[in-house]
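**Student:** Structure provided below as structure tokens; questions to follow.
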Amino acid sequence: MRDNDNMSVTLLDWYDANAREMPWRVSPRDRAAGVMPDPYAIWMSEIMLQQTTVATVKDYFRRFIARWPTVAALAAAEDADVMAEWAGLGYYARARNLLKCARAVVADHAGTFPANHDTLLKLPGIGPYTAAAVSSIAFDLPHAVLDGNVERVMARLHNIHTPLPEAKPELMAEAKALTPQKRPGDYAQAVMDLGATICTPKSPACGICPWRDPCAAGAAGTAADLPKKTPKKAKPIRHGTVYLGRREDGAWLLETRPEKGLLGGMLGWPGSDWVDTALPHPDSTPPMQGDWRAVEGEVRHTFTHFHLILRVMVARLPQNAQPDQGEFKPLAAFSPSDLPTVMRKAYDLHAQDVTPRMTQGGSLL
């Protein structure tokens with residue numbers, strides 16, 4: 001029978017010596033000295049880290065905190081500014097919920113994140129995992145966290161072969177049993193660090209793991225096979241067209257996508273719906289009349305539930321152009337970095353196409 005209390009102490013000792021440095025994290029030494037994390041920073045980092053790696057998130061987090069250092073500052077921000085700053089990070093509903101949650105904290109909680117798990121759950125964009133992470137890490141409350149790293153650690157520690165996602169309740173029960181009353185915030189970060197640095201998906205470093213002795217999968221020789229996962233269904237392929245139109249003064253024809261749906265609220269190129277079809281380029285209507293031509297090549301991008309293939313059409317448009325879809329954005333107010341990744345891929349494909357034309361004395365579009 002495992003001694004859960006002793007295992008927690010062992011892991012915390014390992015964490016005290018090996019904690020990763022994060023821009024949102026308070027080190028175990030500082031925390032022992034009484035320094036508490038900023039709940040705003042913990043919340044923001046956890047939202048950004050959903051479906052995204054730490055390496056990718058760090059720079060985004062630093063930029064957001066530098067530009068909007070408090071939840072009140074973020075709540076007062078323009079939606080377009082926040083969406084532009086988020087561009088490239090993906091899963092754009094997170095950015096919309098970031099704003100909604102910040103405004104709810106200011107409006108309903110006087111600009112202070114509630115130190116209560118159930119109250120946190122009522123805020124926009126905060127689900128069970130985020131509520132547990134903020135509760136434990138920011139407020140040192142004993143709530144178990146269960147992200148992908150923790151799922152892997154628990155599956156191996158207890159040699160659980162039930163495939164994910166079916167195994168989640170079982171893995172959560174084991175995670176709760178190990179969460180200590182003392183230093184639960186540090187423990188939550190410790191078990192995530194363990195999964196990220198030692199109990200990795202491939203080639204886990206079992207020989208230096210602080211939990212190598214009680215690890216059931218290590219003893220059984222099954223650690224590399226866990227956690228089991230239900231096979232994923234093949235993703236469908238959708239097709240669409242985007243239109244990159246540029247006015248004579250350099251202004252680009254852009255649109256803000258509807259708030260609901262993929263890339264909601266983000267800046268993008270006007271275009272067709274994305275449809276499942278056997279045709280590589282289904283019929284679509286340009287945003288206005290023009291001498292549209294197809295760029296050589298295509299954009300390929302993968303979302304969570306489907307693959308997307310886009311045809312890119314370009315045209316030089318007259319100065320007095322009146323589009324049926326979208327509006328012109330002055331060159332000085334536009335940067336490709338403001339675009340979500342799939343739209344930036346379309347811009348990059350266009351740029352690759354026009355370079356040889358410019359070299360040969362052709363026009364920009």
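**Student:** List the longest stretch of the chain that has no exposed loop site; here a site is one of the GluC sites (Glu not before Pro) assigned by DSSP to anything other than H, G, I, E or B, with at most 13 other Cβ within 10 Å.
**Tutor:** The longest uninterrupted stretch comes out as 79-165.
**Student:** While we're here: For segment 18-39, list residues with backbone N below 19 Å from a point placed 7 Å from the Cα of residue 67 toward its Cβ?
**Tutor:** Flagged as within label range: 23-24.
**Student:** Once you've got the Cα coordinates, tell me which of 100/122; 202/228; 58/345 are over 20 Å apart.
**Tutor:** Pairs exceeding the cut-off: 58/345.
**Student:** Over 5 Å intervals from 0, what percent of Cα-Cα pairs in segment 237-359 sits in each interval?
**Tutor:** P(r) over segment 237-359, rounded to whole percents: 2, 11, 21, 26, 22, 12, 5, 1, 0.
**Student:** Using the alpha-carbon atoms, what tilt in degrees (0 to 90, nearest 10) does helix 4-18 show relative to the longest principal axis of the chain?
**Tutor:** Roughly 60 degrees between the two axes.
**Student:** Among 124, 282, 270, which one shows the biggest mean-square fluctuation in a GNM of the chain, springs joining Cα atoms closer than 10 Å?
**Tutor:** 282
**Student:** Order these by the 10 Å Cβ neighbour count, fewest first: 106, 57.
**Tutor:** 106, 57
**Student:** Under a plain spin-label model, where a point goes 7 Å from the Cα along Cα-to-Cβ, how far apart in nm are residue 213 and residue 316?
**Tutor:** About 7.6 nm, to one decimal.
**Student:** Gain in length, residue 331 to residue 159, computed as 0.36 nm per residue apart minus the alpha-carbon separation, to one decimal in nm?
**Tutor:** That pair, residue 331 and residue 159, stretches by 56.2 nm at full extension.
**Student:** While we're here: Could you line up 45, 27, 284 from fewest to most neighbouring Cβ atoms inside 10 Å?
**Tutor:** In order of increasing Cβ crowding within 10 Å: 27, 284, 45.
**Student:** Which label marks the calculated value of Cα extents along the principal axes in Å, given the options [x] 63, 44, 37; [y] 86, 67, 41; [z] 75, 48, 36?
**Tutor:** [z]
**Student:** While we're looking at this one, here's another question. Once you list every other residue whose beta carbon is under 15 Å from the beta carbon of residue 282, what net charge do they have if Lys and Arg are +1 and Asp and Glu are -1?
**Tutor:** Computed value for this residue: -2.
**Student:** Where Lys and Arg each count +1 and Asp and Glu each count -1, what net charge lies around residue 82 among other residues with Cβ under 14 Å from its Cβ?
**Tutor:** Taking every other residue near residue 82 into account, the sum is 0.
**Student:** Identify the trypsin sites (Lys or Arg not before Pro) of segment 119-198 meeting these criteria: DSSP loop state and at most 14 other C-beta atoms within 10 Å of the C-beta.
**Tutor:** When the trypsin sites (Lys or Arg not before Pro) of segment 119-198 are filtered for loop state and at most 14 Cβ neighbours within 10 Å, 122, 182 remain.
**Student:** Oh, and also: Count the net charge of all other residues whose Cβ sits under 10 Å from the Cβ of residue 259, scoring Lys and Arg as +1 and Asp and Glu as -1.
**Tutor:** Summing Lys and Arg as +1 and Asp and Glu as -1 gives +2.
**Student:** Compute the helix-to-body angle for 93-109: its Cα long axis versus the longest principal axis of the chain, expressed 0 to 90° and rounded to tens.
**Tutor:** Helix 93-109 sits at roughly 60 degrees to that axis.
**Student:** Using a cut-off of 18 Å between alpha-carbon atoms, which aspartates and glutamates can reach residue 176, once sequence neighbours fewer than 8 places away in the same chain are excluded?
**Tutor:** Filter leaves 3, 5, 118, 140, 147, 151, 166, 186, 193.
**Student:** Tell me the trypsin sites (Lys or Arg not before Pro) within segment 221-256 that lie in a loop according to DSSP and have at most 15 other beta-carbon atoms within 10 Å.
**Tutor:** 228, 232, 233
**Student:** If you don't mind, there's one more thing I want to ask. Taking the 0 to 90 degree range and rounding to the nearest ten, how far is the long axis of helix 39-49 tilted relative to the main principal axis of the chain, both from C-alpha atoms?
**Tutor:** 60 degrees
**Student:** Per DSSP H run of n ≥ 4, the term is -39500 (n - 2.57); total these for the chain, divide by its residue number, and report the mean residue ellipticity at 222 nm rounded to 500 deg cm²/dmol.
**Tutor:** Value at 222 nm, helices only: -12000 deg cm²/dmol.
Values in this text are rule-based calculations from the coordinates and carry no lab data. Predicted model only: the values in this text are computed from it and were never measured. No Cβ is skipped: glycine too gets one built from the backbone with ideal geometry, and neighbour counts run over all protein chains shown.
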